[in-house]
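The values are calculated or read from the model by the stated rules, or taken from the named source; none is laboratory data. All of these numbers come straight from a predicted model, not from anything done at the bench. Note that we place each Cβ from the backbone using ideal geometry, even for glycine, and neighbour counts take in every protein chain shown. Surface accessibility is based on the protein's heavy atoms, side chains included, excluding ligands, DNA and RNA. Shrake-Rupley method; radii C 1.70, N 1.55, O 1.52, S 1.80 Å.
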Amino acid sequence: MTTYEVRLTQTVEIADGTAAFQFTKPAGFNFKPGQAVDLVLIDPASPNAENLRHTFSIVAAPFQEELVLATRMRDSAYKRALRSLPVGAAASIEGPFGSLVLPEDRARPAVFIAGGIGITPFISILRQAAHDRLPQHLRLLYSNRRPEDAAFLEELQQRDRQHENFRLVATMTAISKSSRQWDGETVSIDGAFLKRAAGALVAPIYYVAGPPTMVEEMCETLNRMDVDDDDICSEDFFGY
Ligand SMILES: Cc1cc2nc3c(=O)[nH]c(=O)nc-3n(C[C@H](O)[C@H](O)[C@H](O)COP(=O)(O)OP(=O)(O)OC[C@H]3O[C@@H](n4cnc5c(N)ncnc54)[C@H](O)[C@@H]3O)c2cc1C
């Protein structure tokens with residue numbers, strides 16, 4: 001796998017406890033929407049120790065000039081090092097890798113199921129699809145506890161209003177803990193939810209990303225609905 005040097009250009013809070021990190025995109029670094037990289041940091045507390053490494057899906061689409069990763073900020077050694085990275089600091093990325101990418105067959109609709117920060121690969125896919133004016137029907141089922149936790153929610157709501165081929169079905173499963181107005185779904189994604197939100201699509205391919213327990217549950221639910229494993233593509237975000 002190829003290693004590239006990148007530099008941090010900006011850090012932005014994009015939801016409660018969630019930040020996006022924008023880096024320079026190295027010359028010659030090509031990726032497909034939905035793919036991931038390892039971001040390798042030098043630990044400022046012990047610069048000679050083994051480098052800190054975590055995997056992140058790339059949020060930015062390939063047509064965009066910058067490279068953006070987004071994560072829930074935690075009190076782990078890695079996230080402490082990431083948080084303290086000053087603008088202009090160097091880091092390395094290794095990759096890209098991952099098979100969470102749209103199929104070549106544009107006739108098949110795609111249903112994305114994202115739990116929390118599992119939204120990241122789908123943002124890249126949706127941005128590139130809009131940029132390329134893909135005719136493919138794309139549907140996103142996006143589950144969070146509260147709107148405050150839902151990264152990229154406004155961007156997605158706007159896409160839903162503007163693009164005929166894209167529909168967002170967001171659900172907030174702890175809306176009583178929110179101070180925001182919410183008129184949408186509030187139940188967890190289960191078989192009935194899937195049928196309601198995507199049942200009318202013909203032979204879709206399903207993509208699932210999020211915490212491992214959620215991904216496992218979704219894959220089992222899809223299997224019970226007679227969706228074949230070949231038609232499910234999933235990514236476990238370990239550590240959540
Ligand atoms: C393909 C892929 C894409 C990802 N994309 C994103 C993204 O876009 N945004 C994001 O926030 N996160 C993403 N992740 C998860 C990310 O790599 C971190 O694991 C996560 O952010 C938790 O890191 P942490 O420092 O908060 O916790 P950590 O302290 O690193 O992890 C907490 C606990 O999780 C368990 N754990 C961590 N990593 C693994 C592992 N590889 N295998 C098994 N158990 C493990 C360990 O028990 C660990 O103690 C992705 C993971 C994968 C594999």
Checklist entry - So how tilted is helix 120-131 from the main axis of the chain? Cα-based, degrees 0 to 90, rounded to 10. => result 70 degrees
Checklist outcome for this item: So, with points 7 Å from each Cα along the Cβ direction, the Arg180-Ala203 label distance in nm works out to 3.8 nm
Next on the checklist: Between Met1 and His131, what is the label-point separation in nm under the 7 Å Cα-to-beta-carbon projection?
Outcome noted: 2.2 nm
Checklist entry - At 222 nm, what helix-only mean residue ellipticity would the chain give, in deg cm²/dmol to the nearest 500, using -39500 (n - 2.57) for each DSSP H run of four or more? => result -6000 deg cm²/dmol
Item to check | With Cα atoms, 0 to 90° folded angle of helix 153-162 axis to the chain main axis | outcome: 50 degrees
Checklist outcome for this item: Ordering 79-92, 29-42, 170-183 by per-residue average of other C-beta atoms within 10 angstrom, highest first, gives 29-42, 79-92, 170-183
Checklist entry - By how many degrees, 0 to 90 and rounded to 10, does the Cα axis of helix 212-224 deviate from the longest principal axis of the chain? => result 30 degrees
Checklist entry - D for the chain, whole µm²/s, Stokes-Einstein with Kirkwood Rh over alpha-carbon pairs at 4 °C and 1.567 mPa s: what number? => result 70 µm²/s
Checklist entry - Over the chain, what percent of the accessible surface lies on carbon and sulfur atoms, probe 1.4 Å? => result 47 percent
Checklist outcome for this item: Per the Kirkwood formula over distinct C-alpha pairs, the hydrodynamic radius of the stretch 3-97 in angstrom is 13.4 Å
Next on the checklist: Along the Cα→Cβ direction, 7 angstrom out, place labels at Glu154 and Asn223. What is the inter-label distance in nm?
Outcome noted: 4.1 nm
Checklist entry - Which of these, Gly118, Gly184, Gly17, has the largest mean-square fluctuation under a Gaussian network model of the chain (Cα springs below 10 Å)? => result Gly184
Next on the checklist: Looking only at the chain, where both bridge partners belong to it, what percent of the DSSP beta bridges are antiparallel (to the nearest 5)?
Outcome noted: 55 percent
Checklist outcome for this item: For the chain, the per residue accessible area (1.4 Å probe, Å²) is 49 Å²
